[in-house]
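First the structure, in the form of structure tokens, and then the observations on it.
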Amino acid sequence: MGDVEGKKMKILCLHGFRTSGKFLKKQISKWDSSIFAHFDMDFPDGIHPAGGKSDIEGIFPGPYFEWFQFNKDFTEYTNLEECINYLCEYITSKGPFDGLLGFSQGATIAALLLGYQAQGKILKDQPKMKLYVSISGSKFREPSICEVAYKEPIKVKSIHFIGEKDWLKLPSEELATAFENPLIISHPQGHTVPRLDEDAVQKLKNWTGEIFLLFQSKSTATSEDAELGETE
């Protein structure tokens, strides 16, 4: 029982375009540390070195990475399949993971993984994800992707941070509609991991707390079933 009580949920955290896992970790560190007290957070780097100038040069040290490349209309993608395959292998070898968190490009690819998993396209041998945190995420726009990934509302508990001054505000709102009963937290900032006011902190703590309690109760039930099986 002690192992169950001490068990944490494992979250894969995907950084934004031309940044890094270390930078996302730094961005998230501005949030109240108690929010993710029961979570193990994994912050890998993207698979491709940045193919151009990073917006955080001079702000945070490199190297910088990107998950895939895209055209200016975000309708054509390069190395996307390679990225999906890499992340599926990462999740299989390092997991299982209980949820995904992402900023910008990281949130966008994370939502795609969830949609594909829900439709049985990928990660068929992995447990279904239990939560998703999107910060400035968006949908893919290529029809063949949309027809699969967003075919039905994604039944994963999700929370979406949407900035009033974010150039991806409308795409972020559209992404939220792809999920069943999404929780939306608006903030007055732009394209960034926002500093949270007291109300947002409380909402996020309540949300993660409820998910963790549900996770813990299921883990306890599974542990007790296993113990009963051993004694029978």
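About the Cα centre of the chain, what is the dipole size in debye to 20, counting +1 per Lys and Arg Cβ and -1 per Asp and Glu Cβ, all else neutral?
580 debye
Ranked from the most accessible area to the least, with a 1.4 Å probe and all protein chains present, what is the order of Val148, Val201?
Val148, Val201
For Lys22, what is the net charge nearby, where nearby means another residue's Cβ is under 14 Å from its Cβ and Lys, Arg count +1, Asp, Glu -1?
On the way: positive: Arg18, Lys25, Lys26; negative: Asp42, Asp45.
Within the 14 Å Cβ shell, the charges total +1.
Quick one: which residues, 5 or more positions from Arg18 or on another chain, have an amide H under 5 Å from its amide H? H modelled 1.01 Å from N in the peptide plane, none for Pro or chain starts.
Counting only residues 5 or more places away or on other chains, the set is Phe65, Glu66, Trp67.
Charges only on Cβ, +1 for Lys and Arg, -1 for Asp and Glu: so what's the dipole of the range 1-135 about the Cα centre, in debye to the nearest 20?
Magnitude of the dipole: close to 240 debye.
Might you work out the accessible area of Trp31 for me, using a 1.4 Å probe with all protein chains in place, and round it to the nearest 10 Å²?
10 Å²
Using the basic label-point model (7 angstrom from Cα toward the beta carbon), what is the Asn79 to Asp55 distance in nanometres?
Once both label points are built, they end up 1.9 nm from each other.
Do you know the relative contact order of the chain, to the nearest whole percent, from alpha carbon pairs under 8 angstrom that are 6+ apart?
This gives 19 percent for the chain.
Going Cα to Cα from Lys121, which lysines come in below 16 Å? Please leave out same-chain ones fewer than 8 positions away.
Result set, ordered by chain and number: Lys151, Lys155.
Among Asn181, Asn206, Asn71, which one shows the biggest mean-square fluctuation in a GNM of the chain, springs joining Cα atoms closer than 10 Å?
For the chain, modelled as a Gaussian network with Cα springs under 10 Å, the answer is Asn71.
Enter the accessible area of Asp45 (Å², nearest 10), with the probe set to 1.4 Å and all protein chains included.
The accessible area comes out at roughly 60 Å².
Give me a comma-separated list of calculated 3J(HN,Hα) values for the range 127-132, in order, Karplus coefficients 6.51, -1.76, 1.60 applied at θ = phi - 60°, integers in Hz, x for any Gly or Pro.
x, 5, 5, 9, 8, 8
Using a 1.4 Å probe on the protein chains only, how many percent of the accessible area of the chain belongs to carbon and sulfur?
Within the chain, the accessible surface is 51 percent carbon and sulfur.
Can you sort Lys53, Lys203 by solvent-accessible area, 1.4 Å probe, largest first? Working shown, then result.
On the way: Lys53 145, Lys203 85 Å².
The residues order as Lys53, Lys203, largest area first.
Could you please report the charge total around Leu168, scoring K, R as +1 and D, E as -1 over all other residues with beta-carbon less than 12 angstrom from its beta-carbon?
Around Leu168, the charge tally is -1.
Probe 1.4 Å, all protein chains in place: accessible area of Lys151 in Å², nearest 10?
130 Å²
Above 19 Å lies some portion of the pair distances; for the range 130-217, what is it as a whole percent of all C-alpha pairs?
Cα-Cα pairs of the range 130-217 separated by over 19 Å account for 43 percent.
Taking the solvent-accessible surface of protein heavy atoms with a 1.4 Å probe, what is the per residue accessible area of the range 87-138 in Å²?
29 Å²
Could you compute how fast the range 7-163 diffuses translationally, taking Rh as the Kirkwood radius over C-alpha pairs and applying Stokes-Einstein at 37 °C with viscosity 0.692 mPa s? Give it in µm² per second.
My calculation gives 207 µm²/s for D.
Taking every DSSP beta bridge that has both residues in the range 16-139, what percent is antiparallel when rounded to the nearest 5?
50 percent
Rounded to the nearest 5, what is the percent of antiparallel bridges among the DSSP beta bridges in the chain? Before the final figure, lay out the partial values.
On the way: 5 of 29 bridges.
Beta bridges within the chain, antiparallel portion: roughly 15 percent.
When the helix-only estimate is applied to the chain (DSSP H runs of n ≥ 4, each -39,500 (n - 2.57), divided by the residue count), what is the mean residue ellipticity at 222 nm, nearest 500 deg cm²/dmol? Mind dumping the intermediate values first?
Numbers: 7 runs with 91 residues, N = 232.
Calculated at 222 nm, the ellipticity per residue is -12500 deg cm²/dmol.
Hey, rough spin-label estimate for Lys7 and Glu174, points 7 angstrom out along Cα→Cβ, what's it come to in nanometres?
3.9 nm
Arrange the residues Glu142, Glu57, Glu147 by how much accessible surface each exposes, largest first, with a 1.4 angstrom probe.
So the residues, ranked largest to smallest area, are Glu147, Glu57, Glu142.
Which ³J(HN,Hα) values in Hz, rounded to whole numbers, follow from the phi angles of the range 140-156 under the Karplus curve 6.51 cos²θ - 1.76 cosθ + 1.60, where θ = phi - 60° and Gly and Pro get x?
6, 10, 6, x, 5, 6, 4, 4, 9, 5, 10, 4, 9, x, 6, 8, 10
Would you mind giving the average projected area, over all directions, of the Cα convex hull of the range 1-67 in nm² with one decimal?
Result: a mean projected hull area of 5.3 nm².
The values are calculated or read from the model by the stated rules, or taken from the named source; none is laboratory data. In this text the structure is predicted, and so the values were computed from the model without any measurement. Heads up, the Cβs are rebuilt from the backbone with ideal geometry, glycines too, and the neighbour counts pull from every protein chain shown. Note: areas computed on protein heavy atoms with side chains; ligands, DNA, RNA excluded. Shrake-Rupley method; radii C 1.70, N 1.55, O 1.52, S 1.80 Å.
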